[in-house]
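Written out below as structure tokens is the structure these notes cover.
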């Protein structure tokens with residue numbers, strides 16, 4: 001027989017879940033007096049920007065990333081509060097665990113937003129809209145907060161849907177309607193279409209995603225290069241990017257730019273690296289991954305002009321992957337000792353990669369005398385520290401040498 | 001003249017000896033049972049060089065020649081036969097003919113002179129290296145049922161990993177004069193039981209290999225609850241019951257300092273019904289990871305919640321009411337480690353579960369039998 005059996009891949013089912021006005025809602029949750037009032041989270045000084053605005057505040061036109069000054073003008077009766085990052089991080093753990101209760105394939109985008117791959121879970125959890133409803137219900141039960149959910153066959157469509165559904169929304173789009181749904185939307189809704197590209201698009205007479213989808217790929221390629229072909233695919237609903245859960249991501253990093261440049265040999269620099277190592281260890285353990293490679297990154301205080309500085313990296317791979325902050329910072333410090341550059345240091349950071357998922361681990365009775373005598377003690381110490389950090393905040397207990405306040409990272413890659 | 005033996009008695013004896021023969025069969029003779037005429041009976045012997053068992057069966061005719069036969073095949077033949085008698089006759093060149101009713105089997109035996117000595121014989125003859133244990137010579141005389149109970153409550157915790165030779169058996173010592181203690185551990189959990197045995201005393205302890213102890217245990221089920229005597233002689237442990245004797249080489253090695261890993265005190269203790277806990281963990285285990293069998297035990301005011309999650313299958317939770325008023329916390333365990341110990345605790349018994357925090361060992365005890373202690377390390381889930 002000539003019949004060819006074709007195995008068609010079933011459409012993916014991807015949810016994008018995004019907490020409604022996360023920081024502001026947490027403030028209203030913790031302080032009942034704020035409920036129903038326009039709450040604006042952000043720097044209270046007029047130099048800051050709004051990081052989150054409750055829906056009551058949004059009615060006045062207040063938006064995230066708006067300068068606080070402007071927000072005050074728009075909403076003079078608003079309650080302006082400084083953010084409490086520790087608290088948001090704490091709530092985000094519950095948020096995350098709710099997402100993870102629906103699928104192990106959760107790709108967090110920030111504290112309050114994630115992609116969740118629900119493909120193949122229909123039999124377990126039911127049809128997508130039921131899953132969405134269950135997710136919203138469970139989120140409200142567990143956190144008291146509201147999440148909006150978009151479910152679609154692609155990441156991009158799911159994100160657009162959750163945005164459109166806000167507040168307190170739930171939208172689902174079947175695979176067969178993706179291009180139809182995208183067509184009337186303005187072309188800037190596509191990921192990667194920034195101001196410059198948009199201008200060029202408009203010049204080429206492309207205003208909607210549908211118009212982009214109908215354009216000749218060759219023409220797009222001429223205008224935008226290979227990026228044009230990518231945009232054409234996105235416009236046609238083709239977005240094969242998978243949901244990549246934390247434990248499959250490539251790396252973790254913590255770095256900070258110092259208020260003043262530091263000597264390479266200074267104790268202060270070492271303390272900062274120790275604090276970064278601790279923070280990385282905590283993040284690895286919380287995500288249940290271990291890293292094999294540690295990279296030290298330094299930016300030297302030797303201006304190259306145009307605000308640029310030379311960046312130097314040094315890496316070392318461990319025999320066994322680790323999630324221990326001490327081991328990570330020890331490697332970073334050993335790498336630092338090998339740096340010969342005379343310059344002062346402007347920025348220091350540690351990145352870890354080559355990640356492996358931590359498997360459940362049976363602890364041993366006689367481990368203190370086993371092959372790796374310190375492992376289990378350290379592991380137990382870390383576990384105890386993690387539970388303290390969870391209960392009382394990250395800086396409850398730190399290593400004597402770590403200077404957490406100075407090492408507050410100016411950048412955390414996520 | 002051949003052997004004529006009652007099928008029933010023969011089968012019973014064969015089932016005792018065939019557990020010992022070497023399964024891997026790298027040395028053919030170790031897969032065989034030696035059959036010798038002894039004073040009008042036949043004597044069956046099997047050994048894997050570490051453990052040996054011999055037993056005598058009365059018979060109509062004991063023959064006049066020793067012979068060997070593949071133990072497993074012989075056992076199967078006798079088990080499947082319906083006739084009341086089995087006759088065995090040597091043919092030429094170690095060939096042997098078996099007759100049961102109208103069925104005939106012709107089997108190749110091996111030269112009985114190549115059959116290895118029992119561990120007991122070789123040790124007693126001193127053909128092996130001199131005993132390193134300074135010539136221990138102790139006997140433990142104890143009711144068969146009590147010894148069986150001690151073995152049952154410990155042997156399951158022995159390490160299956162033969163490379164960890166010092167954990168590959170049950171440790172026996174006189175923890176105090178007149179008190180016998182058995183301890184077994186695989187490095188993740190530990191099971192320990194004490195029993196009063198008047199007059200029992202010894203310096204230090206011995207490690208009795210798992211396989212030999214298991215074979216010895218089978219013997220204890222035969223012949224009521226009379227007293228038996230376990231002999232410890234140099235490198236050897238042996239026990240004789242009626243016409244059957246099991247002997248085994250003791251494990252050379254230092255048993256780890258088990259006392260150091262038994263928590264002196266735990267922060268919390270809850271009492272649960274053995275049956276309820278067993279059933280709840282069995283149900284939770286259904287959804288636990290197939291490789292790690294992890295289940296979570298979460299304590300909160302008045303409740304113990306047992307749960308498991310499987311990303312592929314789903315999740316399971318079950319809550320038991322318990323008398324608890326401490327901090328909320330959750331601890332992971334390998335479900336098998338809990339199920340196995342509950343399996344050797346009699347039904348309708350209360351058990352206490354002692355815990356301190358998520359990284360410290362859990363302790364299981366039986367309020368009605370305080371001589372039993374089980375320690376289990378948690379699993380980081």
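Values computed for the structure shown
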item: Cα centroid separation - segment B:29-45 against segment B:357-381, whole Å; result: 46
item: Extension reserve of the residue A:130-residue A:59 stretch, reckoned as 0.36 nm per residue once the Cα distance is removed; result: 22.5 nm
item: Estimated inter-spin distance, residue A:261 and residue A:361, nm [label 7 Å along Cα→Cβ]; result: 4.1
item: Extended-chain gain in nm, criterion 0.36 nm per residue less alpha-carbon gap, residue A:97 and residue A:37; result: 18.7 nm
item: When the convex hull of its Cα atoms is projected in every direction, mean area for segment A:1-176 (nm²); result: 12.0
item: Distance between modelled label sites at residue A:293 and residue B:8, nm, 7 Å Cα→Cβ extension; result: 7.5
item: Relative compactness, the protein assembly as shown, computed as alpha-carbon Rg over 2.2 N^0.38 Å; result: 1.31
item: Segment B:3-114 shape via C-alpha gyration tensor axes, a/c threshold 1.5; result: rounded
item: Principal-axis tilt of helix B:274-285 within chain B, Cα atoms, nearest 10 degrees; result: 90
item: Normalised convex hull volume, segment B:263-376, alpha-carbon set, Å³ per residue; result: 95
item: Quotient of C-alpha Rg and 2.2 N^0.38 Å, computed over chain A; result: 1.12
item: For A:350, B:207, order by how many other beta-carbon atoms lie within 10 Å, fewest first; result: B:207, A:350
item: Average partner coverage of A:352-365, which counts Cβ from other chains inside 10 Å; result: 5
item: Label point 7 Å beyond Cα of residue B:137 along Cβ direction - residues of segment B:221-265 with amide nitrogen under 12 Å; result: B:232-234
item: FRET efficiency, residue A:378 to residue B:318 (Cβ-Cβ, R0 35 Å, nearest 0.05); result: 0.55
item: DSSP bridge pairs, chain A: antiparallel proportion in percent, nearest 5; result: 90
item: Proxy reagent accessibility, fewest Cβ within 10 Å first, across A:221, B:106; result: B:106, A:221
item: Helix A:85-100 axis, angle to chain A major axis (alpha carbon atoms, nearest 10°); result: 60
item: Highest average packing first - B:251-264, A:133-146, Cβ atoms within 10 Å; result: A:133-146, B:251-264
item: The protein assembly as shown: calculated mean residue ellipticity at 222 nm from DSSP helix runs of at least 4, using -39500 (n - 2.57); result: -8500 deg cm²/dmol
item: Debye intensity ratio I(q)/I(0), log10, segment A:183-235, q values 0.15, 0.25, 0.27, 0.31 Å⁻¹ (C-alpha model); result: -0.30, -0.92, -1.11, -1.54
item: Computed label-point distance, nm, for sites residue A:70 and residue A:320 using a 7 Å Cα→Cβ extension; result: 5.4
item: Extension reserve of the residue A:304-residue A:241 stretch, reckoned as 0.36 nm per residue once the Cα distance is removed; result: 19.0 nm
item: Residue order, fewest to most beta carbons within 10 Å, for A:23, B:268, B:171; result: B:268, B:171, A:23
item: Of every Cα-Cα pair in segment A:38-137, the percent that sits beyond 15 Å; result: 67
item: Amide N proximity, segment B:41-61 versus residue B:27 label position 7 Å along Cα-to-Cβ, cut-off under 17 Å; result: B:45-54
item: R0 of 45 Å, Cβ-Cβ distance residue B:113-residue B:165: FRET efficiency to nearest 0.05; result: 0.90
item: In degrees, nearest ten, helix A:325-337 long axis to first principal axis of chain A (Cα); result: 70
item: Inter-chain Cβ neighbour average for residues A:99-108, partner chain, 10 Å; result: 1
item: At R0 = 60 Å, FRET efficiency that the Cβ-Cβ distance of residue B:93 and residue A:333 yields, to 0.05; result: 0.20
item: Shape category assigned to segment B:122-259 from the gyration tensor of Cα positions, a/c cut at 1.5; result: rounded
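Only the coordinates and a few stated rules stand behind these numbers; no lab work does. This is a predicted model, so every value here is computed, not measured. Ideal geometry is used to build each Cβ from the backbone, glycine not excepted, and the neighbour counts take in all protein chains shown.
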